[in-house]
Each structure stands twice: as structure tokens, then as C-alpha cells.
Amino acid sequence: MADPETEGLRSTFPSYMAEGERLYLCGEFAKAAHSFSNALHLQNGNKNCLVARSKCFLKMGELEKSLADAEASLQGDPTFCKGILQKAETLYTMGDFEFALVFYHRGYKLRPNREFRVGIQKAQEAINNSVGSPSSVKLENKGDLSFLSKQAESMQAQQKPHPVRQLVHHPKRESKRKGSLKSEKIIRQLLGELYVDKEYLEKLLLDEDLIRGTIKRGLTVEDLIMTGINYLDMRSDFWRQQKPIYARERDRKLTQEKWLRDRKRRPSQTARYILKSLEDIDMLLTRGSAEGSLQKAEKVLKKVLEWNKEEVPNKDELVGNLHSCIGNAQIELGQMVAALQSHRKDLEIAKEYSVQTFLTSCVFPPTWFPAAQLALLCKTKPVVGRLFQRPVLLGSDRPS
């Protein structure tokens, strides 16, 4: 007599398996799970089919069903590597990182392939993020350690039994709003950018006309919205277990400490960068590439202005020098007004911070005033010499 469950099935086991695999690759996890269920009706307890359906349930967020199928695939053969891997992946997604690590190791001993090796690494990393690695925990022998003594504990318990009861019951008097605000703050930190989506979905639930509508096959908009909210809640719980807030704070502090250590090593690197940049600026100008020298000087100036005086003690002198380099390049390009402004900035910095300058003390006729002022602001005599070789600037009053 035929099984009533299989009477309605019009295809074969391989056909349902192929259909389920195709739907899984297309992202139709619910339909794929249905196809694998039909295949299991034809061959009950098939290990590969159970693992395939477990993967579908895992993608759908139905973790309990995924774990049940993974465990069912191991009932007949505890050494079935696909079942061990799927169970480990499901346990990891559920936040049971320790048990997941056990099964990753178990599978790696049977078959040392990449999937198990990566699983071991990510499970160990998740455990370290949750409880902290030994290298990140520093125990210090400070303060009063009498609470470690059993005698001290018993004396405190005998002398002060009532405050313990008060501590237990006191949090119940706190307002629920304060607790909810704290919880929302934690969820905001865990979800990050996804928190905006969660707020949007929660606002949609307030629209009664919207949530009463149906989409297809009797699925309501409310069901669809709740599916999204439940998924975000599930992911926030997973991320809380994978990397709690206190672990993130610890990592942030460790990152800051590393940044400060690297910052102490930076002065020598900064000095090499500055010297090399100044050499390049001068070399480009000497070779006739005034445009390249100008771009290089402006780029270095922008970077130097972002540094503080702890990184560059002679920052003011360097900024003035760069303005002078920019002015020299602008002179070669014929941008005399811009060059005048650049050298004025150099002079203002020199006056303000008492930077040593090498100004020429020449006296020029009044008709040469713009060019003379520019020459007076220039630091180097070769620039002054090049300036007087430009008849377009000095006109008919050019010196002989």
C-alpha cells in the first residue's frame, strides 16, 4: 500500500533535490526547503537532503529547525563531515561559539579542509571578543583583596545580611523607561546603520491601514514587517554575543594605545618626508618644471597644516618656507600677484614667530614699486635676479 504522504508527489527524489539546489542558489530558500521536504518524503532520513534543508532553514533564520536537521543527519553516521560542518555553522549562528568550536575541531580531525579551518578561526575570534584573550587582560594586585578570604566573606554575610536583600530587590523599583533607553542605546550601537531601518519598520507598524493589506497567498504586510524586525533583533542578539559592547570598548582602547605608540615613532618618518619633499620641490623648479614644483609645494603645505607642533616642532618655519617655495614657482609661471601674496605670507610668519629671514636691503625707484616690493619679499638673491630679467614686469625703468 502506498504511503499517503507520497501519493501527492509527482516527481522523483533526484528531481526534487535538483530543484531544491537550484532554488537555493536563486535565493528562494523557503521554496528550496519545500522541495527538500518533498525529497525527504520519498527517502526519509537522507543525510545530504537533511543537510541541504538545514542550510535553507539557516538562511531563513529558523535556527532550531536548522539544528534539528543537522543533528538528524548525524544520527546514522556521527562522522558525516557535511553534517558536522552544518551543525557547527548553526551553533555559531546561534551564538554557541564554544560548542561550535568543538564541532569545527571534530570535523577538522576527520577532514582537514578549508571550511573547518576557517570555522575554527572565526569561532576562536568570537570567543576572544566575548570573554577577552589572555593577552588583553592585565591583572593587578591593587586595592583591598580581603573579599577573597572565605573568613571575610562569612563575616560580611553574618554582619550584613539585609543589604544583600535590598540590592536584589532595589533594581525592580527602577523605571522601565530607563531600562528601555539603555537597551535601545545598546541595540543602536550593535546594529549601526541598520538601526535606521529598524526604526522605519517600527513606524510602519503604527499605520493600521497599511498593515492590514495583503501581498500574496494570504501574507499580510504586518507579517512581512514583523519578519524584518525579528530578523534585525536576531542579528543584534548574535552580534551582542559575538562581540559585546565592552569588548568593542576594549578594542577601541587597544587601537588608541597602538595609535599613540605609532605616533611616538612618527617624528623620524615625518622629518624624512619633509626633507625629501623639499628636495623634490627644489629639484623640480631647477629642472624647469615650475608647475610640478608648485603642485608639490601646495600638496606638502596642505599636509603640514594638518599636523600639530608636537609632530613638527618647527612647523611655523616650515610653513613659511613652503609659502616661499610656492611664490618662487609662481614667479617662474608669471603669476606675479599670487607670488606677491605667497611671499607676504612668508614674511608675516617670519615677523610673527621671529623666523630668521634673508631679505635684501635694496632701494628701488617708486616706478618699480610692485616689482621691488616682490623682490624685497623674496628670500633668495637668485629669485631677485631672475625677476629683473623680466622686462614685461619692470617696463622701461629696468636697470641697465
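Okay, here's what the table says:
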read-out	value
For region 293-309, 3J(HN,Hα) per residue [Karplus equation, 6.51 cos²θ - 1.76 cosθ + 1.60, θ = phi - 60°, Hz, x = Gly/Pro]	5, 5, 5, 5, 5, 5, 5, 5, 4, 4, 6, 5, 5, 7, 7, 9, 6
Calculated from backbone phi, Karplus (6.51, -1.76, 1.60) coupling profile of region 115-124 in Hz, x at Gly/Pro	4, 6, 5, 5, x, 4, 5, 6, 5, 5
Gain upon complete extension [GLU199, TYR273; 0.36 nm per residue less C-alpha separation]	21.8 nm
Mean separation of Cα contacts under 8 Å (6+ apart) over length of region 1-120, as relative contact order %	16 percent
Pairwise label distance in nanometres, ALA30 with GLN75, each label 7 Å out on the Cα-Cβ vector	2.8 nm
Under 5 Å, built H, 5+ apart or other chain: amide partners of PHE80	none
Under 5 Å, built H, 5+ apart or other chain: amide partners of THR220	ILE215
Overall form of region 37-137 per C-alpha gyration tensor (a/c, 1.5; a/b vs b/c)	prolate
Inter-label distance for GLU125 and LEU206, nm, one decimal - labels placed 7 Å from Cα along Cα-to-Cβ	3.9 nm
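Every read-out reported here was derived from the displayed coordinates using simple, explicitly stated rules and does not represent laboratory data. Since the structure is predicted, the reported quantities are computational estimates derived from the model, not experimental observations. A quick note on method: Cβ atoms are made from the backbone with ideal geometry, for glycine too, and the neighbour counts reach across all protein chains shown.
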